[in-house]
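Working notes, beginning with the structure itself.
Derivation of every value follows stated rules applied to the coordinates shown; laboratory data play no part. No experiment lies behind these values; they were computed from the predicted model shown. We place every Cβ from the backbone using ideal geometry, glycine too, and count neighbours over all the protein chains shown.
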Amino acid sequence: MIHEFQGINGVTSHCDITINGNVVICTELISNPGTSVTNMAEAIADMVVARYNLDPHKLIWLENYENNHNKFYDIVTFNYRDGRFTDPSWQSISSERAHVIWHTNSL
């Protein structure tokens, strides 16, 4: 589903959000005119968790990028304090690993 958000300098931006249990795939869309999902990871995660009533302590956040029909994934870990996600950290993972996480809902 397309998720709109206010990017840097108030630019309307969008990404695709897919949810399976506690796993969220946040896809950077080529059509996004604004801020990338990487630059807004914490804010998007805050909005998605609130909107879809997800447990922030069980959240598994994957970012997805496509380039010439190849998919690239990062797993993003956050600190969660005072009701907000902070301090994101990215680690590249293979498409195969992302597939396993998606289907098992666990790392």
Item checked: Share antiparallel - DSSP beta bridges, the chain, percent rounded to 5 -> 85 percent
Checklist line | Alpha-carbon centroid distance for the pair the range 1-41 / the range 73-91, whole angstrom | finding: 15 Å
Margin query: How high is the relative contact order of the chain? Use alpha-carbon pairs under 8 Å, at least six apart in sequence, and give a whole percent.
Written below: 22 percent
Margin query: Using square roots of five times the C-alpha gyration tensor eigenvalues, list the equivalent-ellipsoid semi-axes of the range 1-44 in whole Å, biggest first.
Written below: 18, 11, 8
Margin query: Give me the percent relative contact order of the range 50-107, please, defined on Cα pairs under 8 angstrom at least 6 residues apart.
Written below: 27 percent
Next item on the list: Rank Thr18, Val100, Phe85 by how far each Cα sits towards the positive end of the charge dipole of the chain (+1 on Lys, Arg Cβ; -1 on Asp, Glu Cβ) and give me just the farthest.
Entry: Val100
Next item on the list: Summarise the long-distance tail of P(r) for the range 52-105 by giving the % of C-alpha pairs beyond 14 Å.
Entry: 59 percent
